[in-house]
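To start, the structure under review is shown below, and the notes come after it.
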Amino acid sequence: MFAGLPLVTGPPYIRFYAGAALITHDGYRLGSLCIMDPEPGTLSLAQQHLLKAMAKRVVQIMEFDFSVRILKEQFLQGRSDAIKLRSFFDSSGACHLLIGKEMEIIAFNKNMADFFERIYHVRLCSGMAVSHVFIDEQLSQFLEGYQVAIGGIPVKYERAFKYGAELVWWSVDFEPGYGPEGEIIGISYNATDITERKLHEEQLLAQNESLRKIAYIQSHEVRRPVASILGLMELFRLNNYKTTVEELKMMEQATLELDQKIRDIVNYTS
């Protein structure tokens, strides 16, 4: 088997060979740890044991080095993913909180931290209890949503809260947070400021109400004085446009009523 190898037939003219297989812990053969010599020889039993031990040690070193490289790659990838996630987390226009099963804050984004510092003068930090963050009505409503979400049922609502003289409408989501095995490990609390949208909706509702009132005035109240004026004009025509003082007063009254309805319409649209 070895007699025809170039290392035997040519320099360095090997005449002695001993080797131990390099086998990983899961049974893969990587090669051999070899001892070669140009002089014939033998290995004692102790030397054979030592060679096998050295082979196992080489495999351990190789596996350790491979594991370290994998861990380093995973660490770098994980750090990159964490940076991307944090960037996305902080760039969101909403306020985000991650809450654990002990109702402790696990993570939060910049918007949430800035809001609580501005409104409550509280500096958020991981591990802080939510009871030290939310107060009064906000705390009671948070607890209601938390208890439902921690049971696996998402919660969503829109509600207005007053902070001093400032009124803020929030769209709030409570979402269960799941671990690798599918178990609930906490909840995510997400609040989006929808005040501008709500004010716009209220403005649209007010405009629609104004249009409804205008339509009613046009279809009912304006028609009456107009019908009166048209009726009087028909009488004038039948009398060859000769009229009495009483008929002119009636015309004046109908004209004044029509003028007032037009003013009402203008007021609704201004």
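Taken together, the values in this text are just the output of simple stated rules run on the coordinates, not laboratory data. Keep in mind that this is a model prediction, so the values were computed, not measured. Quick reminder, even Gly has a Cβ in these numbers, built from the backbone with ideal geometry, and neighbours come from all protein chains shown.
Brief remarks follow.
- For region 100-150, applying the loop criterion from DSSP together with a ceiling of 15 other beta carbons within 10 Å to the GluC sites (Glu not before Pro) yields GLU102.
- Longest DSSP-loop-exposure-free segment, chymotrypsin sites (Phe, Trp or Tyr not before Pro), the chain, at most 12 other Cβ within 10 Å: 29-240
- Rg ratio for region 93-193: its Cα radius of gyration over 2.2 N^0.38 Å, N being its residue count, equals 1.03.
- Amide H contacts of GLY186 (H built 1.01 Å from N, under 5 Å, at least 5 apart or other chain): GLY177
- Legend: ranking of residues HIS121, HIS49 from fewest to most surrounding C-beta atoms inside 10 Å; resulting order HIS121, HIS49.
- Other residues whose C-beta falls under 9 angstrom from the C-beta of LEU22 contribute a net charge of +2, scoring Lys and Arg +1 and Asp and Glu -1.
- Given 16 as the ceiling on other Cβ atoms within 10 Å, longest exposed-site-free region of the chain for trypsin sites (Lys or Arg not before Pro) in DSSP loops: 124-241
- Assuming charge only on the beta carbon of Lys and Arg (+1) and of Asp and Glu (-1), the dipole of the chain about its Cα centre is about 780 debye to the nearest 20.
- Signed unit charges on C-beta, dipole axis of the chain, positive-most listed residue MET62, LEU205, ILE106: MET62
- Calculated on the alpha-carbon coordinates, the convex hull of the chain measures out at 325 cubic angstrom per residue.
- Expected 222 nm ellipticity per residue - DSSP helices of 4 or more, -39500 (n - 2.57), all of the chain, to 500: -17500 deg cm²/dmol
- The number of Lys pairs in the chain with C-alpha atoms less than 30 Å apart, excluding pairs fewer than 8 positions apart on the same chain, is 19.
- Ranking TYR163, SER140, ILE153 by how far each Cα lies toward the positive end of the dipole of region 140-183 (charges on Cβ) leaves TYR163 at the top.
- Using θ = phi - 60° and Karplus 6.51 cos²θ - 1.76 cosθ + 1.60, couplings along region 112-129 (whole Hz; Gly, Pro as x): 5, 4, 5, 5, 5, 5, 6, 8, 9, 6, 10, 9, 5, 8, 4, x, 5, 6
- Whole-Hz couplings from phi, Karplus 6.51/-1.76/1.60, listed for region 179-185; x for Gly and Pro: x, x, 8, x, 7, 6, 10
- Mean-position separation - Cα centroids, region 232-259 and region 155-187, in angstrom: 68
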